[in-house]
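Data first, discussion second: the structure below is written as structure tokens.
Rule-based calculations on the coordinates, nothing more; no lab input. Please read these numbers as outputs of a predicted model, since none were measured by experiment. Here the Cβ positions follow ideal geometry from the backbone for every residue, glycine too, while neighbour counts run over all protein chains shown.
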Amino acid sequence: MAPGQPLALERGQPRTLAYAADIRHDLRLLEVADDAMLDELLADGLCLKGGPGEEAVLCSSSRTYAVKNVETTNLCLLVQEEPAHPAAAAAALASQDPNVQPTPPGVLLGLGTQLQKNQAAATQPPVTAAAVVSSHLELVAVGPRLHQLDELLQKRQYGCDADEDMQDSEQPGGGSGGFSGGYTEAELLARVQCSPGELQAALRDRHALCLDGRCCTVDAGYQGMLLELVLLTAVEHGWPLSELPGAKVAAALEPHGYDPRVTVHCLASFGAPVGSGGSQEGDGPAAMQTDEAAAEAAAGTAAADADDGSGSGSGSSSGSGVYALDEAAVCLHFARSLLAAQPDWELFEFEEAWRRAVPEGMLPRMEMLRGEALRYGGGTGAAGIPQPLRLKRFALAALPRDAPTRFAALFAERQRWEWEDLEPYVQDLRGPGQTAEALLLKYTRASQAKPTDPVTYSMR
């Protein structure tokens, strides 16, 4: 029978239930979340993903669902419908005994009820059970499982010494070599448990570089060095950091061996095109450099070569556009460089070094380091000597991605956390519809010494 089509059963019109000779027991029903998913399933299909040792997930175009097999003790049959003949059934119900008044359709009376049912059912084609189902697949919305994506991207980063061969094969300006590194989106989708929409969002969050249809991330050291060259070039040409002409910046760095497309990607990673809405305060930098933007960069570089070469102007919106660097992103880069060179600092000394490192006009603030470093110390020591506040490197990117191991690592670092310090390290662990309170209730124990004291969280 067609999906969702009701059986043509009517009260007082009995039918015989029969089992097909080749009745199946290997089918499972799928619980569909909503009509939109049903339409997508019927039109394009959905994708089940999972390798050996992994829990399977089902992916639509925009969401990921955990799949649970739910057993049932009730008998569930999938049947094949045959057209009914209500007139024949009514005649059978009325022809049992001439001395008995005909039984109206829908009403069965007297001791001959069961006999009447059997006789009436014999005049109809049976309802044939084609399959017996003992369980169904239940879908639960979950977050995308992106640890596989991070592992893949880490293996093939642009700018790593091990990947010189993949960079040599590309020719800036659209040569015939093409970019051979990274992965196509199809390759990533085949190996990562997430939907296409979630993959796109994850690549944007990771500032992925997409060249010639292949995606990768840029090595942090390489990108940081390129950013510092961009800053030096801006000072040399008198370009304000809020109006960097992408094509001219790329053209200035191309003779030094930097692909114009990667230079524009650097601008997009640490800023946003002026007028895009992404350069407004709080929005953060743009995310992923696409093939279209890369093509614009190459075209814009050629156009920049035709300029007078002085570079004194602020650029125009043509070519690869004008970019405004994001203060928080640039300051965070220099903070990471300082913490990489020296993981533990006196807070005052770090703040002084940080101010000297960032470009003139940018103001570094401690809230920029949420999820990157922790403050500790202060107060007085055993001898009554004041202890300075200190800052230590503790990066979210270095922590495990699954919740149980993440919380274990957090409480190994500190036995008690206040929410202000804990939040940046756990906010990405929440699944769809899950609140922070539910996450903390599952993995932590809250305590408060006095009503006026802040709530602290310890290991459950």
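Brief remarks on what is shown
- The packing ranking of peptides 263-272, 371-380, highest mean first, is 263-272, 371-380, where packing means the average number of other beta carbon atoms within 10 angstrom of each residue.
- Cα centroid separation - region 340-374 against region 219-269, whole Å: 23
- Derived scalar couplings ³J(HN,Hα) [region 188-197; Karplus, 6.51 cos²θ - 1.76 cosθ + 1.60; whole Hz; x for Gly, Pro]: 5, 5, 5, 10, 10, 7, 7, 7, x, x
- Too-long pairs where the Cα-Cα distance tops 29 Å, listed order kept, from 49/392; 49/442; 49/155: 49/392
- Ranked packing of 191-200, 124-133, most packed first, by mean Cβ within 10 Å: 191-200, 124-133
- Kirkwood analysis of region 399-460, using all unique Cα-Cα pairs, places the hydrodynamic radius at 12.0 Å.
- Two-decimal log10 I(q)/I(0) for region 344-398, as the Debye equation yields it once each C-alpha is a single scatterer, q = 0.14, 0.15 Å⁻¹: -0.45, -0.51
- For residue 455, net neighbour charge (Lys/Arg +1, Asp/Glu -1) across residues whose Cβ lies under 14 Å away: -3
- Residue by residue, region 26-35 carries 3J(HN,Hα) couplings of 10, 8, 10, 8, 10, 7, 8, 5, 7, 5 Hz when phi is fed to the Karplus relation 6.51 cos²θ - 1.76 cosθ + 1.60 (θ = phi - 60°); x denotes Gly or Pro.
- Formal net charge of residues neighbouring residue 233 (Cβ-Cβ distance under 12 Å; K, R +1; D, E -1): -2
- Amide H contacts of residue 323 (H built 1.01 Å from N, under 5 Å, at least 5 apart or other chain): 244, 246, 274
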